[in-house]
1. Among the listed residues Asp347, Asp384, which satisfies the condition of being surrounded by 12 or more Cβ atoms within 10 Å (Cβ to Cβ), free of Cβ contacts under 8 Å to residues at least 24 places away in the same chain and within 26 Å of the chain's Cα centre (by Cα)?
2. In this structure, does Arg8 turn out to be under 30 Å from Pro126 (Cβ atoms), assigned to a helix (DSSP H, G or I) and either in the same structural domain as Gly166 (by TED's automatic domain parsing) or not charged (D, E, K, R) (or both)?
3. Condition first: of a type outside the set (Phe, Trp, Tyr), more than 16 Å from Ile330 (Cα to Cα) and in contact (Cβ under 8 Å) with a residue 24 or more places away in the chain. Now tell me which residues in the range 350-363 satisfy that.
4. Of all the residues that make up the range 350-365, how many are more than 26 Å from the chain's Cα centre (by Cα) and either of a type outside the set (D, E, K, R) or assigned to a helix (DSSP H, G or I) (or both)?
5. Of the numbered conditions (1) over 27 Å from Ala195 (Cα atoms); (2) in a helix (DSSP H, G or I), Lys47 fails exactly one; give the number of that condition.
6. Within the range 13-51, can you find the residues that are acidic (Asp, Glu) and either buried (at least 16 other Cβ atoms within 10 Å of the Cβ) or touching a residue at least 24 places away in the same chain (Cβ under 8 Å) (or both)?
7. Restricting to the range 368-381, name every residue that is closer than 18 Å to Leu300 by Cβ and buried (at least 21 other Cβ atoms within 10 Å of the Cβ).
8. What number goes with the only condition from (1) over 19 Å from Leu373 (Cα atoms); (2) within 17 Å of the chain's Cα centre (by Cα); (3) crowded, with 18+ Cβ neighbours inside 10 Å; (4) of a type outside the set (S, T, N, Q) that Met216 does not pass?
Amino acid sequence: MKDAAAVRNMTEIVCAHANNSLVVVVSAMGKTTNAIERIHNLRFEGKSYETELQELINFHQNMVKQLFDGSSIGDHLLQQQIEAFKDQLTTSCANTFDQEYDSLIGYGELFSTAIVEAYFNHRQIPSAWLDARDIIVTDRRFRDARVDWEMSAKRMHSLRNALAAGNICVIQGFIGSTTDGQSTSLGREGSDFTASIMAYLLDADAVTIWKDVPGMLNADPKKFNDTIKLDRISFKEAIELAYYGASVIHPKTIKPLQNKGIPLYIKSFIDPNASGSVIQESTEFDHLVPCFIVKENQVLLSISTRDFSFIVEDNLKEIFETFSQLGIRIHLMENSAISFSVVFDDDSFKKVELMRALNEKYVVKFNDNVHLLTVRHGRETTADKLVSNSEEILLEERTRNTVRMVLKKS
């Protein structure tokens, strides 16, 4: 939701389904998460972030003014969250980069749900605002926390009670907390995963994700022309596409739904009555349409032993443990006799820590500013046709159903 019109439109969609028991999971508004990331980076580096902070506050306060015709009637809960955010910023920045990140990043969702709850009240829609951190329990893997399903299930009583009272429950996506109350995040774009968690714990009939596209497309319309909507695909195929980088679905979203057979609908908030896409059990339609996925801003890292000895299981175990400790997710890997190559998201802080950890024992070389192209269910030559004359293929992997290429502009 990028503006007041989007909030009003979302509210009309909710009202159209209000005869059902609803949990409404809300993401941060506009580019708020990116803005908080900038503030976090500046704070962690000891630089001033006052301009960025004021712009962030102004954006949300202006949203309230637009929704309530200049009145501050919907400002109370939002102001509480803004003050909490400011207090968090003024605390000592003594924890790790990732832990400090998670202490701040969820405020985008706390701001957005405060505004949505106020607007629901203004429209006299029975609703209840809940803090996801009081429900979703995770481990301490900051920025990519893993859910403690048993503990989370035990904390569902507040949400169940609110639903039983006839309320529409408004809850933040993306965030949770440890058992001792440390804020955590579930990974970027993790609001879909939150909806999946809620559905699993509540044995929901269905989950619907509302996007600005007509459904799940076979490619990003910003990068490819003539995209095709995937009307119906399986849980299995959706997991594959999400893993490869399809931006419509968070990679963790599908598993809880598949485990309980809960269908996932992807629909357009621009055209709410359109059919959209459905993800379910049957694999019958998976191969009918080729899919194209591009992950930008990637790093290709090559690791080899200093004495040209073989890369063996002991080396790989050590390398994987380093990636795991730093919370770096590998998108593609390939090994030869003396080297091991991986592709992952470019994160300047984590990249420095990774190089420092590996350089003592290994020779480490990398190419940054590369992108990863994945073609699923294409013809044999489909991927080759997508490589321009100005691009160099640094790494390539082909299987029966999938072609993946690491490309760099020459």
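The values are calculated or read from the model by the stated rules, or taken from the named source; none is laboratory data. Just so it is clear, the model here is predicted, and its values are computed rather than measured. With ideal geometry, Cβ positions are generated from the backbone for all residues, glycine too; neighbour counts draw on all protein chains shown.
1. Values: Asp384 fails: within 26 Å of the chain's Cα centre (by Cα).
None of the others qualify; the one that does is Asp347.
2. Answer is yes for this residue.
3. Listed by number, the residues that qualify are Ala357, Lys361, Val363.
4. Restricting attention to the range 350-365, the residues satisfying the condition of being more than 26 Å from the chain's Cα centre (by Cα) are 356-365.
From what is left, the residues that are either of a type outside the set (D, E, K, R) or assigned to a helix (DSSP H, G or I) (or both) are 356-359, 362-364.
Residues flagged as more than 26 Å from the chain's Cα centre (by Cα) and either of a type outside the set (D, E, K, R) or assigned to a helix (DSSP H, G or I) (or both) within the range 350-365 amount to 7.
5. (2)
6. Initially, the range 13-51 is screened for residues acidic (Asp, Glu), giving 37, 45, 50.
Matches in the range 13-51: Glu37 only.
7. As a first pass, look at the range 368-381 and keep what is closer than 18 Å to Leu300 by Cβ: 368-374.
Listed by number, the residues that qualify are Val370, Leu372, Leu373, Thr374.
8. Exception for Met216: condition (1).
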